[in-house]
1. Can you confirm whether A:Arg265 is over 20 Å from A:Tyr187 (Cβ atoms) and in contact with a Leu (Cβ under 9 Å, 6 or more places away or on another chain)?
2. In region A:212-264, how many are buried (at least 20 other Cβ atoms within 10 Å of the Cβ) and free of Cβ contacts under 8 Å to residues at least 12 places away in the same chain?
3. Count, please, the residues in region C:66-85 that happen to be within 10 Å of another protein chain (Cβ to nearest Cβ) and out of contact with any helix residue (DSSP H, G or I) (no Cβ under 6 Å at 6 or more places or on another chain).
4. Output the number of residues of region C:78-87 satisfying the condition of being out of contact with any Ser or Thr (no Cβ under 7 Å at 6 or more places or on another chain) and either part of a loop (DSSP other than H, G, I, E, B) or crowded, with 18+ Cβ neighbours inside 10 Å (or both).
5. Output the residue which, of all residues in region A:169-191 that are aliphatic (A, V, I, L, M) and within 8 Å of chain B (Cβ to nearest Cβ), is nearest to the chain's Cα centre (by Cα).
6. Would region B:50-59 turn up any residue that is at the interface with another protein chain (Cβ under 7 Å from one of its Cβ atoms), modelled with pLDDT of 90 or more and outside any helix (DSSP H, G or I)?
7. Could you tell me which of the residues A:Ser352, A:Ser386 is touching a residue at least 60 places away in the same chain (Cβ under 8 Å), buried (at least 16 other Cβ atoms within 10 Å of the Cβ) and over 18 Å from the mean Cα position of the chain (by Cα)?
8. Only one residue in A:Ala405, A:Ala329, A:Ala339, A:Ala396 is touching a residue at least 24 places away in the same chain (Cβ under 8 Å), more than 24 Å from B:Ala47 (Cα to Cα) and out of contact with any Asp or Glu (no Cβ under 9 Å at 6 or more places or on another chain), so which one is that?
Amino acid sequence: MPPKKNPSVPLNQALLALTASALAIPGMSAQAQDLAGDPMPSAQRDSTLLDYRFSYYDEGHIAGSKTSSGQDSERYNVESHQFRIATRLGSKADLTADATVETMSGASPWFILPDAKGKPVQVMSGASIHDFRQALQVRANERFGAVTGSVLAGYSNERDYRGANGGLEGSWDFNNKLTTLSGGVGYTHNDLDPTEGASTRFPTRIAHADNYEVTGYAGLAQVLGGETVLQSSVSFTYQNGYLSDPYKMAYVAGNTVNDARPGNRRKLAWITRLRQNVAALDAVVHLDYRYYHDDWGITAHTAELAWYQTLPWSWALVPRVRWYSQSQADFYQPYYNAAQNNGLYSSDYRLSPFGALSESLGVYKRLGSWNLSLRYEHYSSGGAYSIRSIEVENPALVRFQVFSAGIVKTF
Amino acid sequence: MTQGMRWGVLVMGVALLCGCSGMQPKAWQRGDLAQPEMAWDPDPVDAAIRQHTYDSKEAASGSATVGGGGCGCN
Amino acid sequence: MNRVLCACALSLPLLAGAAETGQPAPLFPALEAQRGKVVLVDFWASWCGPCLQALPRYEALRQELHAGGFEVIGVDVDQHPQDGEKLLKTLRLSYPQVPDAQGELAERYAVNGMPASYLVDRKGQVRQMHVGFEKNDIEPLHKAVAQLLEEK
């Protein structure tokens, strides 16, 4: 006689009892706790998860002292809605789908002029931009013993920008599940159809362009004792095609020309992540560092420190500090006094030398199978945060704040 | 490459060697490692929007995953 | 660096006393108390997903075969014992539980994965060892227990 299929014990109740942690938000992809020797990480005990997050991104005004008009100008706002559904497919596979819907509005930096003293001042795009982005990413994971394979695919759609991507990832646990080797390859293709491209108003603006990106990474994660996990990964990306910003211009000796960047880019990122339990305080420390270098001449450092503090009654607090610093692209200048032999021009603040500091605070509260969260972040960029001193700061460097609220339900 | 990179290679080398050393937790000593807070990204949806925001305002990008995601670059 | 290499050499498993198929199961009071019965010794922890899937299914197996001389002994290896206790309160299992926060028993049985179960026959010999748990594991386990119960 086979054993009873449905034991009389309330398993679901028991599972709820032990996920007392406020931060028991399941991610169904590979996670640090996979290394805990648990074929199904704690987070995957539930069979289905729904996650919704609303974020409001609010860019600070650009000061009149930095604009050509001498007027303050409003900048960008983004409202994002993220939806995730993750579900188990049998005992060895799971599927995650992420949908994002965003509305963007505001003004954006257009080009930079020298003022009478040679100081760069920003000209903002005249009309307010309104755009809408929708994106979908789907990911399927399957376990084959110590090996997990993943297939992912997605697309992103804006009025003037369409991207489609696909990828494969794999990971292998060995050394008694103390070590995990992981890697992946991905491909993205993007089509650009800029608003008012080749129009009578913007005759030099391109009407259509495209580019592609191939990326690959490999990483090694290692358990270092019962309370520490370290992971180090190297990722390489090759981009080819139209990589300029179709809406941006550069000032060149009294004229404006289209933003023009090289037709390819090689990017290297080296990411190291540490997770350390602090048993005495019932907390976990996250320390991440990324070294970045590309063949446009940009070197960047990113360091992030987060403290996951568990509190009574299923509350948790997550303060986070992130520091970023980058050097400029070789061809970047706030404005050009003479034409360049290589024909490359960009005054985009993203390619300028700067540093940034952001502080964030998240609060989580678990109520049974529900998880609620709120987060606030303030981000500020400028020369002062840079690792090297900066002679001329780009006037368009951003300052922003983000308000975000999330709700997760597990079944 | 840089000094920092050399340090990193050393740290990872030692970490690997430790994979066979006595300081490793046994199968039954991994409760702390199994906590959700020990995940690389305990809140993956929040991590995704944060990463997307930074990627659209900074030159650097790249992470230990290959998922893509559109421009959003103004 | 030398210290690291030394540590490697020192960490060779202590084979003496480890549970092995065909060998007597390392004894502990709760197991001795079940002498003459077929016993499943199950090492589990509250943080281990598959362990939790196994617990209620072992309970069902136990309820079915207890009269024939079958018992389950749970060994809770939670390093924070209150986590395991909290879970047991909800589950209300009928079989004995042994707390093993220091992992002494787990060490003696040389547990090398979670959950780890050891099927011990009426003579106290380990007849079967299993690491991990899936729903499909219950049926062969049921057969094995039934077979051992036949042995006198």
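1. On the way: over 20 Å from A:Tyr187 (Cβ atoms): no; in contact with a Leu (Cβ under 9 Å, 6 or more places away or on another chain): yes.
Criteria not met by A:Arg265.
2. Summing the residues that are buried (at least 20 other Cβ atoms within 10 Å of the Cβ) and free of Cβ contacts under 8 Å to residues at least 12 places away in the same chain in region A:212-264 gives 1.
3. 4
4. The initial filter retains those residues of region C:78-87 that are out of contact with any Ser or Thr (no Cβ under 7 Å at 6 or more places or on another chain), namely C:79-82, C:85-86.
Still in the list and also either part of a loop (DSSP other than H, G, I, E, B) or crowded, with 18+ Cβ neighbours inside 10 Å (or both): C:79-80.
Number satisfying all stated conditions: 2.
5. A:Val185
6. Initial filter on region B:50-59 (at the interface with another protein chain (Cβ under 7 Å from one of its Cβ atoms)): B:53, B:57-59.
Now restrict to residues that are modelled with pLDDT of 90 or more: B:53, B:57-59.
Keeping just the survivors that are outside any helix (DSSP H, G or I) gives B:58-59.
There is at least one residue in region B:50-59 that is at the interface with another protein chain (Cβ under 7 Å from one of its Cβ atoms), modelled with pLDDT of 90 or more and outside any helix (DSSP H, G or I).
7. The conditions single out A:Ser386.
8. The conditions single out A:Ala339.
The values are calculated or read from the model by the stated rules, or taken from the named source; none is laboratory data. Remember, it's a predicted structure, so these values are computed and weren't measured experimentally. Glycine also receives a Cβ, built like all others from the backbone with ideal geometry; neighbour counts cover every protein chain displayed.
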